[in-house]
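No lab work stands behind these numbers, since they all come straight from the coordinates. Values in this document were obtained by computation on a predicted structure and should not be read as measured data. Positions of Cβ are backbone-derived with ideal geometry, glycine not excepted, and every protein chain shown enters the neighbour counts.
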Amino acid sequence: MDLFRILIAILLPPLGVFLQVGFAGAFWLNILLTLLGYIPGIVHAVWIIAKR
């Protein structure tokens, strides 16, 4: 299941984080990072998924 979430996080970082934590603060931070730059959003999403 984590592999699926990581693939989703690479394509759509906020969706990958949402599947992991829901509407928590990490989700909103990931949206901000993705808007500022796609790569920071991916790195944050993979980090959140791998951490849990």
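Some values worked out for this structure:
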item: Listed peptides 35-41, 46-52 by packing density, highest first (mean Cβ within 10 Å); result: 46-52, 35-41
item: Estimated 222 nm signal from helices in the chain, with DSSP H stretches of n ≥ 4 weighted -39500 (n - 2.57), rounded to 500; result: -26500 deg cm²/dmol
item: Estimated distance in nm for a label pair at L11 and A24, the labels positioned 7 Å out from Cα along Cα-to-Cβ; result: 2.4
